Every structure is written in C-alpha cells, then in structure tokens.
Amino acid sequence: MNKKRAMSSQKASEVKLKGHEDAREFAKLLGIGKEYKTDPQAKKDVIDSEGNSFSVKSGEKKWQIFLYGEKRFREDFTFQSMDGLSEIFLKCINSFPESRDEYLRNKKLYKEKLKNPMRELCEKLKEKGILKGFIDKSIFNSGEVDYLVIKSDNNFHIFLNEEVVNLLSEKFSVENSKAKNKYQMDDQKVIFKYEGKTYGEIEMRNDSYIHYREIKFWLDKNKTFNLLKEDIKDKFRLNERIYLYGKAIKKLKKIYKEGKDDF
C-alpha cells in the first residue's frame, strides 16, 4: 500500500527555522538587515521601513500555503465573506468524527462522507471570482502582503501580489481527485491544474493526531515559479542575487539601489 507519511515535528521545526533564515538573508540582501520587521500571523516574513511586506517562499518541492482547522474557518472574516466558501470548508472538516480513533476504525465510511463537500468545494472554486479571492487570501492574506518572494538557486525573485493572483486564477483549472489505485477513493481533494499538470491541492489532513481534521493547501514550488516567470516576462536585476519581475520593477526599483537592466 502506497501511504503518505506526515512530516515529523522535528522536520516541521527544521522547515520553519529554514524559513526564518531565508527571510533574514533576504532582508540583508535588500540592505535592511536588522531593521526589518516581521508579522508571521499576517504572512509577512519581511516588512521594510517603507511598509512594503514580503512573503518569502523557499522549500525544495512544495509550499504549504496554509494548514487550518475548524476555528479558522468559523472565525476568519474574509473566508466567511466568500459566498459560502467557509461553510463548505467546515462541511469537509465535519465529515470526519472528532475522535481520530473512531475515524481509523471506519475510514471508508468517513471518506465517503467527504465526497459531497469536496465536490461542492470544487464547484465553488471554479467560479473565477471566488478562486481569485481564495488565492489572494491564502498567499497574501487578502492583499495585506505586497510581494511574493521565491528563493531558487540561491537567488530571490520578487513578484507583485496582484500579478500573482491574476495569473494563477486565470491559468488554473479546478477539479476533484480521482482514485489511482484500489486503496484510494474519488473526490477526496480539490486539485489545481494547468495544461494537465497538477500545481496544487486542497486536502484533509488525517494522517496524525496533531493535525487531524485540518485542511491543507499546497502549491508545487518549481511549477508555480516557472509559470510566473514565463508569463511575467519583464525582469530586472536589483543586485547580485535579487530579481524583480513585472510591476514589482517600477515599485521597488525606486526604493532600493539601482541594479542592472541587462536582460
């Protein structure tokens, strides 16, 4: 049986620590060093003296965009305002019993119950306006974060929030998962695809007691980065290791030291 394994607490701590290190490195390269602020709850890894905020993503394969439980979807105003989206997420969570032991005794029953809410979630996210709002909320906390920063090959690549949201919501198609073997069931996830390839998924986390009945949204790092840089073609080297793309060029070029426009 081909099973996924949950990330260990030690590995999760290492990933979190690496994220903090990357944020500090990025701030130093921007020239703000210890002067920068941070607000993890608002997804702001780096905030400069001008108030510009940056979400720094590294990772080798996947970005965990969020991992939320019932409380978040019940209390978060933005999710609540998305035309019933929050209620659908709650239906997904409540398809499973509060006791994980009870779930483990009859997985098939509860996965069957998950099918309809996941289908409903898929149909809701096929609405481009809802998908756009969902991506903006998930990555940029509904516009509170100004820039997505991707660390790749030891360089940092900066994209303006609105260009990321517009591009991903325009390109992504939305569909439910289908079983690939006899141990799986249909309609257990919502999948984001482009040109037939999976770029991300929304799934229920039930593989550990710690993250039981939580919803995870992840994106593939390399595919997402390649899509952004292929579509947003204007590129500017701010310094040896920082690159600006699209509308981020005009906005940040004036603030930081002039780079070399040699692309």
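Quick look at the values:
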item: Filter on Lys57/Lys115; Lys107/Lys128; Lys137/Lys247; Lys91/Lys197 - keep pairs with C-alpha separation over 25 Å; result: Lys57/Lys115; Lys107/Lys128; Lys91/Lys197
item: Two-site FRET efficiency, Asp76 against Ser49, from Cβ-Cβ distance with R₀ of 35 Å, rounded to 0.05; result: 0.75
item: Fully extended contour minus Cα-Cα distance, from Lys197 to Asn94, at 0.36 nm per residue; result: 34.1 nm
item: The range 195-234 versus the range 83-162: alpha-carbon centroid distance in Å; result: 10
item: Neighbourhood charge, 12 Å Cβ-Cβ cut-off, centred on Gln41 and excluding it, Lys, Arg +1 and Asp, Glu -1; result: -1
item: Estimated dipole of the range 116-263 in Debye, rounded to 20 [Cβ of Lys and Arg +1, of Asp and Glu -1, Cα centre]; result: 220
item: Packing rank of 71-79, 48-56, 124-132, where each peptide gets the mean count of other beta carbons within 10 Å, highest leading; result: 48-56, 124-132, 71-79
item: Whole-Hz ³J(HN,Hα) from phi, Karplus 6.51 cos²θ - 1.76 cosθ + 1.60, for the range 92-97, glycine and proline x; result: 4, 4, 7, 5, 10, x
item: Calculated P(r) tail over 33 Å for the chain, as whole % of Cα pairs; result: 24
item: Packing-based exposure ordering (other Cβ within 10 Å, fewest first) of Asp22, Asp153; result: Asp153, Asp22
item: Qualifying aspartates and glutamates (Cα of each under 14 Å from Cα of Lys193; at least 8 residues distant if same chain); result: Glu170, Glu175, Glu201, Asp220
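Every number in this text was worked out from the coordinates using simple rules, so none of it is lab data. Fair warning: this is a prediction, and the values are worked out from it, not measured in the lab. Note: ideal-geometry Cβ built from the backbone for every residue, glycine included; neighbour counts use all protein chains shown.
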